[in-house]
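*Asks:* Below you will find the structure I want to go over with you.
The values are calculated or read from the model by the stated rules, or taken from the named source; none is laboratory data. Keep in mind it's a predicted model, so treat the numbers as computed, not measured. Glycine also receives a Cβ, built like all others from the backbone with ideal geometry; neighbour counts cover every protein chain displayed. Quick note on the areas: whole protein, heavy atoms, side chains included, nothing else; ligands and nucleic acids left out. Shrake-Rupley method; radii C 1.70, N 1.55, O 1.52, S 1.80 Å.
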Amino acid sequence: MVQALEKQAQIKQWVDVCSIEDIQPDTGVCALVNGEQIAIFRVGATEEVYALSNYDPFSKAYVLSRGLVGDRKGIIKVASPIYKQNFNLKTGECLDDDTVKIPTYSVRIDEGRVKVESCF
């Protein structure tokens, strides 16, 4: 018997982006992963990294990787460099407008290299 799949299976893989040392503490970089601009942020001088869409829905520009990293009441966030809306680095939720959320991506450090999970 042959069974048909409802959805085409997606292949997930880790895409090498850069060295952790290429990202200065408390800053972000932008990477093009599978056609998507992804902002990757390094928190402090640690290997704690987060990845989310580089697209700022308020200014309609790809600028979040240039935002200011900080925290609001213990929530790690980035402030957009244009209109200053703040986004939770873990969830992508806008801290200033709870109706807005941007995509986040799985990211890890492997032997000093930053890798983002992507579906193909």
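*Asks:* Restricting attention to segment 19-96, which trypsin sites (Lys or Arg not before Pro) occupy a DSSP loop and are surrounded by at most 12 other Cβ atoms within 10 Å?
*Replies:* Those that pass, being in a loop and sparsely packed, are 60, 73, 84, 90.
*Asks:* Taking a ≥ b ≥ c as the square roots of the Cα gyration tensor eigenvalues, with a/c under 1.5 meaning rounded and otherwise prolate when a/b beats b/c, else oblate, which class fits segment 29-82?
*Replies:* Details: a/c = 2.41, a/b = 1.27, b/c = 1.90.
Judged from the Cα gyration tensor, segment 29-82 comes out oblate (a/c at least 1.5, b/c at or above a/b).
*Asks:* How many nm is it between the label spots at residue 30 and residue 68, if each spot is 7 Å from the Cα in line with the beta carbon?
*Replies:* According to this spin-label approximation, the distance is 2.0 nm.
*Asks:* If you don't mind, another one. Along Cα→Cβ, 7 Å out, is where each label goes; now give me the distance between the ones at residue 11 and residue 99 in nm to one decimal.
*Replies:* 4.1 nm
*Asks:* Sticking with this structure for a sec: Relative to the Cα centre, what is the charge dipole magnitude of the chain, using +1 at the beta carbon of each Lys and Arg, -1 at the beta carbon of each Asp and Glu, and rounding to the nearest 20 debye?
*Replies:* Details: 14 positive and 17 negative charges, 46 e Å.
That gives the chain a dipole magnitude of about 220 debye.
*Asks:* Moving on. I'd like the FRET efficiency for residue 60 and residue 117, computed as 1/(1 + (r/R0)^6) with the beta carbon distance as r and R0 of 25 Å, rounded to 0.05.
*Replies:* With R0 = 25 Å, the Cβ-Cβ based efficiency is 0.40.
*Asks:* Heavy-atom accessible area per residue, the chain, 1.4 Å probe: how many Å²?
*Replies:* On a per-residue basis, the chain sits at 62 Å².
*Asks:* Given a Förster distance of 30 Å, report the FRET efficiency between residue 48 and residue 83 from their Cβ-Cβ distance, rounded to the nearest 0.05. List each step's numbers first, then the result.
*Replies:* Details: r = 26 Å, r/R0 = 0.88.
Efficiency at R0 = 30 Å is approximately 0.70.
*Asks:* I would also like to ask the following. Quick one: which of 84/115; 12/77; 73/115; 12/101; 73/101 span more than 21 angstrom between C-alpha atoms? Don't jump to the answer; show the numbers that get you there.
*Replies:* Working: 84/115 28 Å; 12/77 27 Å; 73/115 29 Å; 12/101 23 Å; 73/101 19 Å.
The answer is 84/115; 12/77; 73/115; 12/101.
*Asks:* Below 8 Å between Cα atoms, with a sequence gap of 6+, how large is the relative contact order for the chain in percent?
*Replies:* It rounds to 27 percent for the chain.
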